[in-house]
Amino acid sequence: MKILVCVKQVPDKDSTFRVDAAGTWVETDNLTFQLNDYDRFALEEALRLKDAGEAEVVVCSIGPERASQAIKTALAMGADRAVHVHDPAAVDSDALGLARILHAVAKAESFDLILAGLQAEDDNVAQVGPMLARLLDLPCATAITSLQVADDGKSIRVERELENNRRQVVDLDLPALVTVQTGINSPRYASLKGIMGAKRKEVRKPALTDLGLSAEQTAPRMRILALTPPAKGEGAEILQGSTTEVVTELVRRIKEKTGVI
Amino acid sequence: MADRILVLVEHDAGVLRERTWELLGLAHRLGGESGKQVGAVLLGSGVQGLAEELAVRGGCEVLHVEDPALLEYTQQAYSRVLEQVVAEEAPWMVLASHSPTGWEILPGLAAALGVGMATEITAVTLESGTPRFIARAFNGKFEVQWTLGEQAPFLATVQKGAHEAVENVAAGSVRALSCPLEAASLRTRYVETREGDSGGVDLTQASVIVSGGRSLGGAEKFDIIRQLAEALGGQVGASRPVTDSGWLPPEHQVGSSGMTVTPKLYIAAGISGAIQHIAGMKGSGYIVAINKDAEAPIFQVADVGIVGDLFEVIPALTKAVQKAKG
């Protein structure tokens, strides 16, 4: 089985973020970047299929030079090889532009299964996976919390996470694309051997023209006009004082407002 | 026909989901501002009754597609039919809920049409007739204004609970559409829908919920949360990272991907307030947030907050509650 895992490098979500000069994104100079959490779960799911049988796991990431760190992490965890689309023309791509780039990468090889994270932790867009599925005309399932390959290897059975603790079980014929919810597994850490071995693994770096794409095809329709801290609005009244004072005041309010005490 | 706002209807077990009325509320407001008509796309099998209900209460034309292959939602069947409806109707805007259905099929529609899409929006404004969409980024820490350019249709998934349900509209009508679907060519097959394990916990019925977040640091640290919940006669909730890490089973998770809860009292301890958590608890009667980070988004939805170390505040609060109860 040949598996593609689409990964993104994002800022550590616990960072202190500041709005950049243009007011459309955050300042990135002092941030630590890492593999998107959802994508780590997606990669782990692919690696488990590899551990269970014969599979080749390829990771693909689109991003600037620093994204090679995220790719190294993925290779150290156990991916076999990588494609890093590192092209200035791709910097401003929106979700559809990214899906078109991944489409060009994927159609050059025939993958049986494509995995991606449900969404990116930074822009929260959650579109690239299902868009890529549509471009490749693949069946798609999102936010999966379980994946089993059928005995004949021709389909997968997945559980999609619904709301209120419910699950939909659905079969997809392969080839297929799934996006992975966090918590589906426990992602492994790279071993020292894995980290050493990653240095010898192939990382192909095609430009958009190598993939047969024009800048026009990946030009964004979707753009951020402004990124701002949320309006403060009313917000919570913050209680001031010593711990004893604030909890005493809080109990008084809980009594008055809710009657549960 | 680029004069219509289409809403993707969601229904479950023969009942229209509440979010459909919210989508129609938003669509009617935008329709009023832009002069566009509102339409609802209803896909299913044996849902004529729902079509009538939608036309009356939703105040719009209902585009109704009946097909046995649409009995249960599956991605490919629903996507193919929705694409046909949109191709025929050429709407100005298509709105779906940011739900496991909406986020699964709307991006595919955008890819098929070659247009942009906005995700989990909380508001739409019109600038010279062109929509701008408000959403969140960085786990709720920032608000983002998106443009999708000038090319219709404009697609968006809408955050649950962000808009008032439609009301006081004149009844509309139902139009049956025929969208041929080759069932044999579908490569997604419905197997079943099942409830997750509940472990005897039903947060939706709790009048008090005390939830803990990632900053507790481990399963054993939840004892302070349990003790406070017990003192208040309530249940223990959690944010997603807690259940993902296995510190508590999934039935304790509060959020749009977990349980949506509306207790009289909700206490969020060490929870920063990711969008998806807030979506699951903002309907609570009285919200208390305890967090060491004064900038945490949770303080924006809370009624009252304490900025401090939860390992100090929570045990002190438990004692104060026990004392108050005598």
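Since every read-out is calculated from the coordinates, none of them should be taken as a lab result. Given the structure is predicted, the values throughout are model-derived calculations rather than measurements. All Cβ positions, even for glycine, are placed from backbone atoms using ideal geometry, and neighbour counts span all protein chains on display.
Below is a table of values for the structure above.
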| item | result |
| --- | --- |
| Summed side-chain charge close to A:A116 - residues other than A:A116 whose Cβ falls under 11 Å, Lys, Arg +1, Asp, Glu -1 | -1 |
| Global geometry of segment B:127-168, whether rounded, prolate or oblate, following the gyration tensor of its Cα atoms and the 1.5 cut on a/c | oblate |
| Average other protein chain Cβ within 10 Å of Cβ, residues A:213-222 | 3 |
| Antiparallel DSSP beta bridges within chain A, as percent of all bridges there, nearest 5 | 40 percent |
| Set of lysines near A:K257 by C-alpha distance (under 19 Å), chain-local residues within fewer than 8 positions excluded | B:K264, B:K282, B:K323, B:K325 |
| D (Stokes-Einstein, µm²/s), Kirkwood Cα radius, chain A, 0.692 mPa s at 37 °C | 161 µm²/s |
| Rounded to 10°, Cα long-axis angle of helix B:48-58 versus longest principal axis of chain B | 80 degrees |
| Cα gyration tensor, segment A:133-236 - rounded (a/c under 1.5), prolate or oblate | rounded |
| Per-residue [θ]222 nm for chain B (sum of -39500 (n - 2.57) over DSSP H runs n ≥ 4, rounded to 500) | -9000 deg cm²/dmol |
| Estimated inter-spin distance, B:E164 and B:A13, nm [label 7 Å along Cα→Cβ] | 3.1 nm |
| With Cα atoms, 0 to 90° folded angle of helix A:95-107 axis to chain A main axis | 30 degrees |
| Anisotropy class of segment B:198-312 from Cα gyration tensor, a/c 1.5 cut | rounded |
| Around A:Y189: net Lys/Arg minus Asp/Glu count, Cβ-Cβ under 11 Å | +1 |
| Cβ-based net charge around B:G233, under 12 Å, with every Lys or Arg adding one and every Asp or Glu removing one | +1 |
| Inter-label distance, nm, simple model (7 Å from Cα along the C-beta direction), A:D173/A:Q240 | 6.8 nm |
| Gain on full stretching of the segment that runs from A:N164 to A:E256 - 0.36 nm per residue minus C-alpha separation | 30.1 nm |
| DSSP beta bridges in chain B [antiparallel fraction, %, rounded to 5] | 20 percent |
| Antiparallel content of DSSP bridges confined to segment A:1-59, in %, to 5 | 50 percent |
| Tilt relative to chain B, helix B:102-113 - C-alpha long axis, 0 to 90 degrees, to 10 | 40 degrees |
| Pairwise centroid distance, computed over Cα atoms, of segment B:230-254 with segment B:123-198, Å | 29 Å |
| Centroid-to-centroid separation of segment A:96-144 and segment A:27-66 [C-alpha atoms, Å] | 14 Å |
| Other protein chain Cβ atoms within 10 Å, averaged over every residue that makes up B:257-265 | 4 |
| Amide proton proximity set for A:R166, modelled H, under 5 Å, gap of 5+ | B:G196 |
| Cβ crowding within 10 Å averaged over residues, with A:37-50, A:194-207 ranked highest first | A:37-50, A:194-207 |
